[in-house]
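Please read the structure below before turning to the comments.
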Amino acid sequence: MEMAVNSVSPSEFDSSTPPESSEKNLQPFFILHKASSRSSHRRRIHLSPSKSVIKTDDLLLRMEAFQSVWSEIHSASKDVLRDINTSAFNDIYHWVRQSFHAITSYGMPGFGQATRSFPLLTHATSKQLFTGLVLTKNMEFVDDLLTFEELGLCLKSHGCHVANLSSTDFSAKNGIGGCLRSLLRQFLMVSLDAADMSILASWYREQGNYNSPLIVIVDDMERCCPSILSVFILTLSEWVVKIPIILIMGVATTLDAPRNILPSNVLQQLCPCKFVLGSPAERMDAVLEAALLRQCSMFCIGHKVAVFLRNYFLNQDGTVTSFIRALKIACAQHFYMEPLSFMAGALFEEDNQGERNVLLEGMLKYASELSSPDSDTRAEQIDTTLTCRLRELKRLQKCWSSIVLCLYEAGKHKIRLLDIFCEALDPEAYNSVASDNHTGLGKGFGISTPSDPSMRQQCFTMRKGGFICQAIQKVRLLPEASLSQLLKSWENLTVDIYEIHDKVKELQSMVKLEEGRISKEDLTDICILCSNDRRHASWRRLNIESSKRINEKAASLIDCMVRDFLRPIECLPFHEIGCFRNVEKLQLALIGDPRRRVQLDLLEFHKILWCSCCSRSCNIPLPSMPDTSIMYTLAQEHGDLINLPEWFQSFKTIISHISTKGKRKTKQSMLPKKTKYINESEDKSEASIQARFCRAVTELQITGLIRMPTKRRPDCVQRVAFGL
């Protein structure tokens, strides 16, 4: 079966929409054109007597693999973003409860007093509005939308009544009535025309909601209209005696922003409490760790792609939301373009062992398509079967991720994970080192002593002052307590790498020995561990030579981790299966040249639709072409100005070019009544052609390729884009 794919960006073929909302939410899709062969649409696996070869639709397999891999990455990203704010959300909830008890301690008025419009005569302190100022440190509010949405859900789960207001609700156009109506709509779950707070007070008293506070969340106070926000705060402070309202506002820049925005009489009505969320860089590192390092999804990115995403995050957008979107585009493009990418999905689906073995056998036919220059030279060092090679690829990728996380733990609070991640992916640095010191893979490693500085820093001598070198240097300067915590984290990260895990446990035991807190049982375990590992004489010396500092030994250990296991993904055999390296495609999708892309799509539409008849036309307009493509192809024959009547006649000639074979000629003795019907049909056809022409011209104007006629030249349109 053959397949054609419509002009749809591969970055969006995701099926994460729930089934119940699929009819309302329009999702991007693929249009599959059935070929002339009569083969069924069902996937078939044909087994020959000699070997198993998969005769199936590769694109469907890759789509399934993408959906499986991306759903795991996206789920991990959402979970880590939710968990990173858990501590701050819990602090906010405890403050909400304390504020609620403080409001109710003044005594709540009766139903009649609470629902009246005029204010109550109470002490000034009882009218202060408890206000939480949440510092988000974001210059863009895209990430804040999700953060405050999660905060609202967290407070609702604890029984609070929550209303989330956007900064657009506090616009001068909507006025104070607009934000109050939005407030009432979210609390009462009905739309009201009246913006009266007494309605909210009646609802709060009558429906038995008076045991929980009312929380009003404003996502970004600095984007609100200052005058509308001031009136809103004053209104809430008048009603806080009657209904326990608590205000939470997001602040993007500094916690002193309310002083610069609100007048003094409004500030006097606030009782502020300050909360600080994690910075965008911290959330970025958390997402990177959860999505690409902790999760062994078999999808990764190359060095150039990682550097581009880092620069895109730091210099252009700066939001975690855009980074996740860019990562999704990279993942989709990889599974869309790489023929062997569906093998990553087979490796990722660990539970479906039967299908996985069939896929791996069938993939032998595609092994020759791999473009990795290292695949043949390293093949003898790995098992001879493809299955073992793929499992080895997965193991090496896990080792690489573990070492990157070990380096991040060593340089934490000083070095960002994104910087270490990009440097560890650099294949040029690794290849230059490997040419000087070729080390065997998986054959153990020796520990260089402090007296051998050339060996100790041979791994990254070309990158003096690099992030990996800084992390190793920081290990030498750690105090004893911090070193003990670092070794504990290394023990957890290297639990699947037995070569390193045993050495980390040795260092932990030596730290205990140095501190004088080691027992006889632990000392016996050290002796047994050292006697069992006869292959590494340097580690026996590491345990014997007590005069050397533990920090140097730990630095030597992480240096050997880097030298023996930090092999970039692009240098591994069969890395093409899950590694996306086409930075030009990703850059075009994120930044790109949209006008050029539109022009190419209009002129080369047959490559997208897989239309065989149009591909042989050699850019000659045909009636089967889309109207917009016909119009733009004809526009290439004109200069700066296009005469509309001539353009229309050319368009009419092309789409009216229909073969007349097999048609009967009109008789000469035709009845007048029948002639009238034929004339009406011709007029209707003329109107249809004019409608199609106008629609095509409008589409070209919307895409920015032409400019509509002016009063000076009403019969001409002007071309805007020339050439490619």
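The values are calculated or read from the model by the stated rules, or taken from the named source; none is laboratory data. Being a predicted model, the structure only gives us computed values, none of them experimental. Methodologically, a virtual Cβ is constructed for each residue, glycine included, from the backbone with ideal geometry; neighbour enumeration extends over all protein chains shown. Note: areas computed on protein heavy atoms with side chains; ligands, DNA, RNA excluded. Shrake-Rupley method; radii C 1.70, N 1.55, O 1.52, S 1.80 Å.
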| note | Selection from the range 129-186 of residues among the hydroxyl-bearing types (S, T, Y) and closer than 17 Å to S87 by Cβ yields T136, T147, S157
| request: Could you please give the count of residues in the range 61-78 that are among the small types (G, A, S), closer than 18 Å to L288 by Cα and in contact with a helix residue (DSSP H, G or I) (Cβ under 6 Å, 6 or more places away or on another chain)? | output: 2
| task | Answer yes if at least one residue in the range 603-619 is in a helix (DSSP H, G or I), surrounded by fewer than 16 Cβ atoms within 10 Å (Cβ to Cβ), hydrophobic (A, V, I, L, M, F, W, C) and modelled with pLDDT of 80 or more, and no otherwise. | result | yes
| field | Top-ranked residue of the range 276-290 - restricted to ones that are of a type in the set (G, A, S) and at pLDDT 90 or above, ranked as nearest to G578 (Cα to Cα) | value | A290
| said: Against the condition open to solvent by 30 Å² or more (accessible area, probe 1.4 Å), under 26 Å from Y430 (Cα atoms), touching a residue at least 12 places away in the same chain (Cβ under 8 Å) and aliphatic (A, V, I, L, M), how does V307 come out, does it pass? | reply: yes
| remark: Checked the range 168-200 for anything charged (D, E, K, R) and either in a loop (DSSP other than H, G, I, E, B) or loosely packed, with under 15 Cβ neighbours inside 10 Å (or both); matches are K173, R185, D193, D196
| Quick one: in the range 691-712, which of the residues that are of a type outside the set (G, A, S) and touching a Lys or Arg at 6+ places or on another chain (Cβ under 9 Å) is most open to solvent (accessible area, probe 1.4 Å)? | R707
